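Undergrad: To start, I am sharing the structure in question, which I have written as structure tokens.
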Amino acid sequence: MKNISFYLFLFLFFSCGEEEYRNALRYEVKSYEESRCVEEVCASMSLSYPTYIGHQVDSSINGTIESLITGVIAFEEPAETMALAVSNYLDSFEKFSKEYGSFSDWFIDIDVQETFQNEELLTILLSSSSFLGGAHPNSYQSIINFDIKRGEIVPLKGLKMDFGMLLELVEQKFRIYHEVAEGISLEEDGRFFLNNDQDFFLPGNMGFDKNGLLVLYNPYDIGPYVLGMTVIHLSWQELDGIVSPELKLK
């Protein structure tokens, strides 16, 4: 009887693992680098991002990822494709350098990574850093959640969470992160951009990884550039009662 139970366990274990692997979205990482120089000054482009394969919604997800990358590159001059955005960026550098001279290298680095996937949701994190001859380099991160069955972006309000409870928890973590003195409101602290100059708010960038929920405020979202990026991580244990249980299953 013990042997039968053991072999039944093995059958169920490997069957479930095989089913999970078969249903999972798989991907391969694409990398792209290009540069152009005018005399000794150069502009470079570095891209790394996942391309999903073997699923009916892959083309939709891949198209969205490429559109997001294109938007980062072509923030000043719209472009229909990622290749055109790269070409326009290098052309702009060359034209600027020849007309006005450039004393420092330009760069745009973009890295996209999957942070979470289960039967319902896919989360990716897009990280970009750039310098185009301004006062300082710029860094930005964007979290995107996809409906894995439809290949469509899920708006934050579509995530299965209690946003009232989440707001309270994130504010507690935010105060700790920025060492706000006990008994002092965020408004009294004076460092932060608040709704109506007094109300704390959740950011537009939230999504999951294997350990819980990432909550991300980019520079200028809730404070000046010198405040930097605020990244708050909430564990699954802390999210108990806030996040729908099925989202925890990876």
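Here, each number is a calculation from the coordinates, and none is a lab measurement. These numbers were taken from a predicted model, which means no experiment stands behind them. Cβ atoms come from the backbone with ideal geometry, glycine included; neighbour counts cover every protein chain shown.
Undergrad: Starting from the amide H of residue 42, placed 1.01 Å from N in the peptide plane, find each other amide H under 5 Å away whose residue is 5 or more places distant or on another chain.
TA: Under 5 Å from the amide H of residue 42 lie the amide H atoms of 105, 106, each far enough along the sequence or on another chain.
Undergrad: Pull out a ≥ b ≥ c, the square roots of the eigenvalues of the alpha-carbon gyration tensor of the chain, then state rounded if a/c is under 1.5, prolate if not and a/b is larger than b/c, and oblate in the remaining case.
TA: Judged from the Cα gyration tensor, the chain comes out oblate (a/c at least 1.5, b/c at or above a/b).
Undergrad: Using alpha-carbon positions, what is the distance between the centroids of segment 126-202 and segment 38-100, in Å?
TA: 26
Undergrad: Net charge around residue 139, counting only other residues with Cβ within less than 13 Å of its Cβ (Lys, Arg = +1; Asp, Glu = -1)?
TA: Neighbour charge sum, excluding residue 139 itself: -3.
Undergrad: When only Cα pairs under 8 Å and 6 or more residues apart are kept, what is the percent relative contact order across the chain?
TA: Relative contact order comes out at 13 percent.
Undergrad: Can you run phi through the Karplus equation (6.51, -1.76, 1.60; θ = phi - 60°) for segment 48-59 and list ³J(HN,Hα) in whole Hz, with x for Gly and Pro?
TA: 8, 7, x, 10, 7, 9, x, 8, 5, 9, 4, 4
Undergrad: How large is the helix-only mean residue ellipticity at 222 nm for the chain, computed as the sum of -39500 (n - 2.57) over DSSP H runs with n ≥ 4, divided by its residue count, in deg cm²/dmol to the nearest 500?
TA: -10000 deg cm²/dmol
Undergrad: To the nearest 0.05, how large is the calculated FRET efficiency for residue 189 and residue 233 if R₀ is 22 Å and r is the Cβ-Cβ distance?
TA: In this case the efficiency is close to 0.50.
Undergrad: Kindly provide the chymotrypsin sites (Phe, Trp or Tyr not before Pro) of segment 82-166 that DSSP labels as loop, not H, G, I, E or B, and whose Cβ sees at most 12 other Cβ atoms within 10 Å.
TA: 103
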